[in-house]
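J.: Quick one: this structure, given as structure tokens, is what I'll be asking you about.
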Protein chains: 2
Amino acid sequence: MTDSPMTAPAAPSASAGEVLSGYLTTQAGAFLRALPQAVGEAGSRPGSLPASAAGADDLLRAVRRIGGALHTFEAAFEPGWAGELRTELAWLLDLLGREPGYRRRSSRLLAALDSLSDTGADTPGMLAGHAGAPKARALLERQLTLARTRAHTALLQELRTARLHALADRMTLLSGEVPLLDAAAGRDGSVLTRQAAAALGALAAGTERLPLARAVQPYGGDGLHRLAVLPAARGASPVADADALLAADDEPWHRVRVLVKRARYALEVCAVPTAELDRLDEVLDRHRDASDAAATASTAARTPRITPATAYVLGVVHADQRLEVEAARYAFGHQWPKLPHHGWHEWATA
Amino acid sequence: MTDSPMTAPAAPSASAGEVLSGYLTTQAGAFLRALPQAVGEAGSRPGSLPASAAGADDLLRAVRRIGGALHTFEAAFEPGWAGELRTELAWLLDLLGREPGYRRRSSRLLAALDSLSDTGADTPGMLAGHAGAPKARALLERQLTLARTRAHTALLQELRTARLHALADRMTLLSGEVPLLDAAAGRDGSVLTRQAAAALGALAAGTERLPLARAVQPYGGDGLHRLAVLPAARGASPVADADALLAADDEPWHRVRVLVKRARYALEVCAVPTAELDRLDEVLDRHRDASDAAATASTAARTPRITPATAYVLGVVHADQRLEVEAARYAFGHQWPKLPHHGWHEWATA
């Protein structure tokens, strides 16, 4: 299954209600098809999941799109209903996302470590043959496997609760009929375009808070030196914790990542191509993955009783992943200005 | 004293011998003026040096220029004389360069560490408040102070030998008369331009061996991953040592640094402006300094009985300095193509 919109373009004359209903019933159907593949018959047969990683991906994809549509086009829905459903979708998104998140960290960190410590004849790395490299690799693998197992156990426990069943029931209802407000349902479809344009506007506003002028200077060292400090972190403590500072530095980028996804899904509802936003989304996913991996390396370096050689290698890996963070920001800073900034509305209606 | 040529442009009609004599007698005079300032009355009063860091800089500058001219315009000199003098100048260059080299490493590494561990409200670094930072700082400071003291002692010992006196005597002779070959002395000055063009050609050939296509891609990670391997290192051992691999990766860049300096001094002899080469020289000095600093951090991380926190911080600093290496290569890769590649001879005769 690809990332392309899963709804056919609505007829130009379609009302807002028809477009939203078409999109949401399709996504709810995708949710219901993916659910048993992703979590097995979790309620009835504990321990049988995940049946399929592809099923989990499809499930996450539907969850994100339904949540995005409920957010962007909230004026069309009964607020209580939409708010409750978004809360439940956010709960499932968090729950389902943890294990894949640890899997991504693991593959990224081990690949970085293998590349850095490669002794190959053609392209060795700066840790080639270093005694600490296999130790650091074993430590990271052990800690991330443990974290994944814990996330898996937590997922199993949560999926045995009635909460998932209740959400699946809501999705069954949604796949049949979308509870639209009467006033919104009959309106002209162009109201959706204006709401999608507002999502793009929110993205533009979020991006304006990023230090793009710094990010587009290659090797500005922003990922290592000169972190940004959020006002909240500024007042928190006289000597700030480095991990908290790095998290504060990344936070506005993570927020823009969410705004990019929302804008993508909003354009999808309006059947507008999203290729530019797909690329931005990929870059910010990479930014998030590198940021997570860097934090994992930093945490691993604080494990008691590790050898200095292990700690040294983890320091190199930490800096390497912060460099990847910087590279993703550089890429974002060069892609963003190429987007049609000054014509959000025109873009959404193109 | 600036880096500008210290000879007035020779008259257009000047012979090769007149131009070379003018340049070398001037530089030998600069050597003799700087020597007592740089080393004090080393022979007579041991322990009284260095009298002046500026004097040492002036001395190094004259030594490099005389050595460069003897190399580029070697056809004009009696080979035995020029070869011996170049050997003695290389000995003094190495001897005088060690202590400033350690001083540069020290200031670069401590500045990097202070920036990385800065807890300031505006621009903290990724090691802000890290417990290993002050320990790593103390370790680097101790090791580099020890290395500087040793270099200083070695310099003192060597300057008490007759070797420096003999070199000073040679310089006194050179400041009076340059021993040119009769055949070369009377030739038209344009022969020097052709020899300077050959020095520029050697620089172009050296630069062709650099991986510039990779270097100009920002965040290619070449300084950390994907090191180049020299044929010599390739066959050396099945599992190569990371420090040796990094040194092999840097070696062609260090060689080009020498070729840039030689080309600069050759153009100086011909009274041709060298602003472009001065900028390349600065970039490659930065490359060399970052490479040296990275190696120092890596060596310090192997000190027995350091804490894991100290080792971790040194790993970050090592990666940070390799990133500086990469940044210098990026800068070189962007400056080099702007030079008049295809008209070396035209440039030298401009």
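J.: Of all helices (runs of 4 or more DSSP H) completely enclosed by region A:125-205, which ones contain at least 2 residues that are modelled with pLDDT under 90?
T.: Numbers: elements: A:132-159, A:162-176, A:182-185.
Those helices (runs of 4 or more DSSP H) span A:132-159, A:182-185.
J.: Take A:R257 and tell me if it is more than 11 Å from chain B (Cβ to nearest Cβ), out of contact with any strand residue (DSSP E or B) (no Cβ under 7 Å at 6 or more places or on another chain) and crowded, with 18+ Cβ neighbours inside 10 Å. So that I can check it myself, show each step before the final result.
T.: On the way: more than 11 Å from chain B (Cβ to nearest Cβ): yes; out of contact with any strand residue (DSSP E or B) (no Cβ under 7 Å at 6 or more places or on another chain): yes; crowded, with 18+ Cβ neighbours inside 10 Å: yes.
Criteria met by A:R257.
J.: Grab the helices (runs of 4 or more DSSP H) fully contained in region B:271-350, keeping just those with 3 or more residues being away from chain A (no Cβ under 14 Å) and modelled with pLDDT of 95 or more.
T.: Here the list reads B:275-300.
J.: I'd like the full set of residues that are within 14 Å of chain B (Cβ to nearest Cβ) and in contact with a His (Cβ under 7 Å, 6 or more places away or on another chain), limited to region A:79-122.
T.: Of everything in region A:79-122, those that are within 14 Å of chain B (Cβ to nearest Cβ) and in contact with a His (Cβ under 7 Å, 6 or more places away or on another chain) turn out to be A:S115, A:L116, A:S117.
J.: What pairs come out if I take residues in region A:243-262 that are assigned to a helix (DSSP H, G or I) and pair them with residues that are open to solvent by less than 50 Å² (accessible area, probe 1.4 Å) and of a type in the set (S, T, N, Q) whose C-beta lies under 7 Å away, six or more apart or interchain?
T.: Going by the 7 Å Cβ cut-off, the qualifying pairs are A:D243/A:S298; A:D250/A:S291; A:V256/A:T207; A:R262/A:T72.
J.: Of all residues in region A:111-124 being farther than 15 Å from B:A247 by Cβ and not small (G, A, S), which is modelled with the lowest pLDDT?
T.: Ranking the qualifying residues of region A:111-124, first place goes to A:D122.
J.: Consider A:R108 carefully, then state whether it is modelled with pLDDT of 95 or more, touching a helix residue (DSSP H, G or I) at 6+ places or on another chain (Cβ under 6 Å), assigned to a helix (DSSP H, G or I) and open to solvent by 10 Å² or more (accessible area, probe 1.4 Å).
T.: Considered against the rule, which asks whether it is modelled with pLDDT of 95 or more, touching a helix residue (DSSP H, G or I) at 6+ places or on another chain (Cβ under 6 Å), assigned to a helix (DSSP H, G or I) and open to solvent by 10 Å² or more (accessible area, probe 1.4 Å), A:R108 comes out as yes.
J.: I would also like to ask the following. Given the options B:R137, B:R226, B:R209, B:R150, name the one that is away from chain A (no Cβ under 14 Å), within 25 Å of A:A311 (Cα to Cα) and of a type in the set (K, R).
T.: On the way: B:R226 fails: away from chain A (no Cβ under 14 Å); B:R209 fails: within 25 Å of A:A311 (Cα to Cα); B:R150 fails: within 25 Å of A:A311 (Cα to Cα).
Residue meeting the stated conditions: B:R137.
J.: Go through (1) under 28 Å from A:T303 (Cα atoms); (2) open to solvent by 60 Å² or more (accessible area, probe 1.4 Å); (3) of a type in the set (S, T, Y) for A:T119 and report which single condition fails.
T.: So A:T119 meets the others, but not (2).
J.: Further question: Mind listing whichever residues of region B:182-225 are among the charged types (D, E, K, R), out of contact with any Gly (no Cβ under 9 Å at 6 or more places or on another chain) and under 30 Å from B:A244 (Cβ atoms)?
T.: B:E208, B:R209, B:D222
J.: Report yes if A:V269 is over 13 Å from the mean Cα position of the chain (by Cα) and surrounded by 20 or more Cβ atoms within 10 Å (Cβ to Cβ), otherwise no.
T.: yes
J.: Same structure again: Return the residues of region B:68-100 that are of a type in the set (G, A, S), within 27 Å of B:R150 (Cα to Cα) and modelled with pLDDT of 95 or more; say none if nothing qualifies.
T.: Across region B:68-100, the qualifying residue is only B:A90.
J.: Right, next: Which of the residues spanning region B:313-333 are open to solvent by 10 Å² or more (accessible area, probe 1.4 Å), over 29 Å from A:A301 (Cα atoms) and among the small types (G, A, S)?
T.: Scanning region B:313-333 gives a single hit, B:A331.
J.: Would you confirm whether or not region B:277-294 contains a residue that is in contact (Cβ under 8 Å) with a residue 60 or more places away in the chain, open to solvent by 10 Å² or more (accessible area, probe 1.4 Å) and not charged (D, E, K, R)?
T.: Scanning region B:277-294 turns up no residue that is in contact (Cβ under 8 Å) with a residue 60 or more places away in the chain, open to solvent by 10 Å² or more (accessible area, probe 1.4 Å) and not charged (D, E, K, R).
J.: Is it fair to say A:A266 is among the hydrophobic types (A, V, I, L, M, F, W, C) and at negative phi?
T.: So A:A266 fits the description; yes.
J.: Considering only region A:146-172, state which residues are free of Cβ contacts under 8 Å to residues at least 60 places away in the same chain and exposed (fewer than 13 other Cβ atoms within 10 Å of the Cβ).
T.: A:L146, A:T149, A:T153, A:Q157, A:T161, A:A162, A:D169
J.: Failed condition for A:R65, given (1) at pLDDT 80 or above; (2) more than 17 Å from the chain's Cα centre (by Cα), with all others met?
T.: Result: A:R65 fails condition (2) only.
The values are calculated or read from the model by the stated rules, or taken from the named source; none is laboratory data. Predicted model, so just to flag it, every value in this text is computed and none were measured. Neighbour counts run over all protein chains shown; Cβ positions are idealised from the backbone, glycine included. Note: areas computed on protein heavy atoms with side chains; ligands, DNA, RNA excluded. Shrake-Rupley method; radii C 1.70, N 1.55, O 1.52, S 1.80 Å.
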